[in-house]
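Right, one structure below, let's go through it.
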Amino acid sequence: MKWIYWSRLYDSKFQAGCLVRRMEHDGWLFGVDMPREIEVYRSRKGKYGVRYVP
């Protein structure tokens, strides 16, 4: 199981969470294969990012 990291970091956890919800919604709406697991993580510098397992 290897994580794929989204290329952008966000200033707030809310912004990263919005991306997670959009990924979930787009997969349902457009019929794209959903990642098995999506999560928000915090980087060492304090910013937030999104990673997922395809």
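As a test of the formula, what do you get for the chain when each DSSP H run with n ≥ 4 contributes -39,500 (n - 2.57) and the sum is divided by the residue count, at 222 nm and rounded to the nearest 500 deg cm²/dmol?
Details: 1 runs with 18 residues, N = 54.
Mean residue ellipticity at 222 nm (helix-derived): -11500 deg cm²/dmol.
Share of pairwise Cα-Cα distances greater than 14 Å in the chain is 52 percent (whole percent).
Taking Lys and Arg as +1 and Asp and Glu as -1, the other residues whose beta-carbon sits under 13 Å from that of residue 1 total +1. Rounded to the nearest 10 degrees, the inclination of helix 13-30 to the longest alpha-carbon principal axis of the chain is 10 degrees. Along the stretch 35-44 the Karplus relation, 6.51 cos²θ - 1.76 cosθ + 1.60 evaluated at θ = phi - 60°, assigns HN-Hα couplings of x, 5, 8, 10, 8, 9, 10, 10, 7, 5 Hz to successive residues, with x for each Gly and Pro.
Read-outs throughout are calculated quantities, based only on the coordinates presented, and are distinct from any laboratory measurement. This structure is a prediction, so every number in the text was calculated from the model and none was measured. Methodologically, a virtual Cβ is constructed for each residue, glycine included, from the backbone with ideal geometry; neighbour enumeration extends over all protein chains shown.
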